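Contents: one structure, followed by commentary.
The values are calculated or read from the model by the stated rules, or taken from the named source; none is laboratory data. The structure presented is a predicted model; accordingly, all values stated were derived computationally and were not measured. Don't worry about glycine lacking a Cβ; one is built from the backbone with ideal geometry, like all the others, and counts go over all protein chains shown.
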Amino acid sequence: MLPNDTRSKIENIVAGVILKGSEDNCTTIRNTLCSRFTTSTVVKTNFASNAIIKEEQASFIEAFCRSNNLWIENSPPDESYLTRGGEAKIYFDQGRRHVIKLNDAVYYATWLEFLNSLLLHNLLFTNTSYELKGFLKQDDVLYAVLKQPFVIATTRAELTDIRKLLEFNEFRHTKRNDYANKELGLILEDMHDENVLVNSDTLFFIDTVFYTVAPEKE
């Protein structure tokens, strides 16, 4: 079950409330965007209409990062390249205990949705928390630069185990590999064995896609 403090933080993220008490880069940029833009509660149906908003947010993020030493000029070196996922280019960090992910937020209608998803991931899956290092551009495409622990899978994740853990944390299976917490207003998609790894009988959620929707109160 989710602790009350975690539930309260999730509710504030979904509601677009400014989050207090945290000064990490992700929260800081998310809070600043929240003061200018509304948090979306409509999933995937308004990508086209939000394209202008996403561009406005991208311009704001770039200006903010350049003014606050969060703009990264150089991409990771080619020799550290590992692989590419659906929305991210993945590189080894120095020491190979972490990976660096360049994420273009292609799955999200706005950058605010993307930052909310990162914060939700960090609340629920602390063993694979993201650290937002800053932003950069490649070929005129904006990327968030994320640092995450590198996990080596020792066995294949079973969908039944993924479902059991998510249901313990108050998510209900909706279809295929998708889940929802209607009370909190969350959708979590694509939780299969490529996005969830197993090491020493522990599940590691390495790639999550959260969307915020209007909560359904009983």
Scan the stretch 118-137 residue by residue and report those that are out of contact with any helix residue (DSSP H, G or I) (no Cβ under 7 Å at 6 or more places or on another chain), aliphatic (A, V, I, L, M) and farther than 16 Å from PHE204 by Cβ.
-> LEU136
Within the stretch 138-184, can you find the residues that are over 21 Å from ASP201 (Cα atoms), of a type in the set (A, V, I, L, M, F, W, C), touching a Lys or Arg at 6+ places or on another chain (Cβ under 9 Å) and not in a loop (DSSP other than H, G, I, E, B)?
-> ALA144, VAL145, LEU146, ALA180
Meets criteria (touching a helix residue (DSSP H, G or I) at 6+ places or on another chain (Cβ under 8 Å) and either crowded, with 22+ Cβ neighbours inside 10 Å or charged (D, E, K, R) (or both)) for LEU115 | yes
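Out of all the residues in the stretch 130-137, is one or more of a type outside the set (Phe, Trp, Tyr), outside any strand (DSSP E or B) and touching a strand residue (DSSP E or B) at 6+ places or on another chain (Cβ under 7 Å)? Step through it out loud before you land on a result.
Looking only at the stretch 130-137, we keep the residues that are of a type outside the set (Phe, Trp, Tyr), and these are 131-134, 136-137.
Among the residues that remain, those that are also outside any strand (DSSP E or B) are: none.
No - not one qualifying residue is present in the stretch 130-137.
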What about GLN148, is it in contact (Cβ under 8 Å) with a residue 40 or more places away in the chain, loosely packed, with under 14 Cβ neighbours inside 10 Å and touching a Ser or Thr at 6+ places or on another chain (Cβ under 7 Å)?
-> no
Can you tell me how many residues in the stretch 43-60 are at pLDDT 95 or above and either more than 26 Å from ALA214 (Cβ to Cβ) or of a type in the set (Gly, Ala, Ser) (or both)?
-> 2
Would you pick out the residues in the stretch 81-98 that are of a type in the set (D, E, K, R) and closer than 18 Å to GLU131 by Cβ?
-> GLU87, LYS89, ASP93, ARG96, ARG97
Six or more apart or on different chains, Cβ under 6 Å: which pairs go from a residue in the stretch 59-80 that's over 11 Å from THR32 (Cβ atoms) to one that's among the β-branched types (Val, Ile, Thr) and modelled with pLDDT of 95 or more? Could you list them?
-> ILE72/VAL145; PRO76/ILE100
Is it true that ASN122 is in a helix (DSSP H, G or I), out of contact with any strand residue (DSSP E or B) (no Cβ under 7 Å at 6 or more places or on another chain) and among the polar types (S, T, N, Q)?
-> yes
Count of the stretch 185-218 residues which are buried (at least 16 other Cβ atoms within 10 Å of the Cβ), hydroxyl-bearing (Ser, Thr, Tyr) and outside any strand (DSSP E or B) = 1
Residue hits (the stretch 1-42; touching an Asp or Glu at 6+ places or on another chain (Cβ under 9 Å) and not acidic (Asp, Glu)) are MET1, LEU2, ARG7, VAL17, ASN25, CYS26, ARG36, PHE37, THR39, SER40
